[in-house]
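Single-structure report; data block below.
The values are calculated or read from the model by the stated rules, or taken from the named source; none is laboratory data. Computed from a predicted structure; not experimentally measured. Cβ: placed from backbone, ideal geometry, glycine included. Neighbour counts: every protein chain shown. Remember, those area values only see protein heavy atoms, side chains included, never the ligands or the DNA or RNA. Shrake-Rupley method; radii C 1.70, N 1.55, O 1.52, S 1.80 Å.
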Amino acid sequence: MDTLPVIVAVDGSPDSERALRWAIEAARLRSAPLQVVHVWPYVTSEGRAAAESGIGDPVLDELRKKLDGQADTAGLPGVEFRSLSGLTDTLLPALGAEAQLLVLGSRGRGGFASLLLGSNGMACAAHSEGPVVVVPRPDRAGAGVGADGEVVRPDPPQVTLGVDASSDEPGAIGFAFAEASRRGARLKVVSGYAWPMLTPPSFEYIAAYEGTQQEYENALIEQVTQTLAPYRERYPDVAVTAELRHADAAGQLVEASKASDLIVVARHRRRLPVGRRLGSVAHAVLLHAVCPIAVVPEETERSREAE
């Protein structure tokens with residue numbers, strides 16, 4: 001069992017409290033400790049003192065009062081509050097190395113309220129060493145909102161995984177199966193592909209796919225089936241459905257988010273001269289999905305699905 005905590009970033013905003021509620025449930029499902037972290041965005045004397053002593057942070061003090069005696073946290077192995085002082089878009093991504101899961105809201109107190117995703121969420125999704133979950137606001141287009149103003153959870157529960165049929169994504173696939181298993185949810189696997197297959201002028205020496213669209217689709221279906229096979233065997237309790245369509249993958253995932261508890265995507269970072277950036281699918285899903293989104297690093301499979 002993974003002993004690392006679930007870490008949630010808070011700043012006193014409604015978005016961060018929404019992320020905290022999600023993180024409490026995630027920690028409970030994993031039987032993991034919960035770590036609640038507030039980063040003072042500037043190095044002030046108050047922030048430095050709070051970070052050194054662990055007391056005197058008004059954001060954490062308020063949350064301690066709210067969580068005191070709550071049944072949701074009573075069964076957790078532990079709840080820790082940490083105050084840090086420094087640059088949030090540097091400190092928060094670094095916390096991913098200390099956590100089995102890093103959780104934050106889509107927006108905080110800073111920046112423009114109209115933005116769909118804050119800079120901290122983008123930085124964590126792009127640079128954290130471990131999985132990052134971003135919990136969006138309930139006012140995104142297409143969200144089904146209940147009387148409490150929060151998104152209505154689907155029944156039955158569903159985890160949706162976006163995969164690239166032409167590549168192997170062990171981190172995201174393993175994470176999605178484990179999450180569906182611990183939630184007692186069905187797993188929907190979504191993949192899209194482009195047709196016709198075109199090659200850029202600079203790669204004319206590469207032979208384009210010469211078969212029909214149906215033949216190409218059949219080949220991709222076979223590849224997806226083979227990729228998922230060991231995970232189906234490992235998680236026999238998870239009911240899996242797979243959809244492969246000649247359609248935009250991001251659009252399919254955003255639509256699926258309306259009936260999902262969680263969307264899981266691989267990071268697919270693109271290394272550019274100006275730095276690392278998220279792939280287009282992960283970026284679009286973070287901006288528009290109506291349910292929480294997990295972005296999982298693709299480089300290595302972090303075996304942090306609690307057995």
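Some notes on this structure:
- Taken over the stretch 177-223, the criterion of being among the hydrophobic types (A, V, I, L, M, F, W, C), within 19 Å of GLY251 (Cβ to Cβ) and at pLDDT 90 or above is satisfied by VAL189, VAL190.
- Within the stretch 259-284, considering residues that are in a loop (DSSP other than H, G, I, E, B) and open to solvent by 10 Å² or more (accessible area, probe 1.4 Å), the one modelled with the highest pLDDT: ASP261
- The set of residues in the stretch 143-186 that are out of contact with any helix residue (DSSP H, G or I) (no Cβ under 6 Å at 6 or more places or on another chain), of a type outside the set (Val, Ile, Thr), in a loop (DSSP other than H, G, I, E, B) and touching a residue at least 60 places away in the same chain (Cβ under 8 Å) comprises ALA143, GLY144, GLU150, ARG153, ASP164, GLU169, ALA185.
- In the stretch 139-169, the residue that is nearest to the chain's Cα centre (by Cα) out of those that are among the aliphatic types (A, V, I, L, M) and open to solvent by 30 Å² or more (accessible area, probe 1.4 Å) is VAL151.
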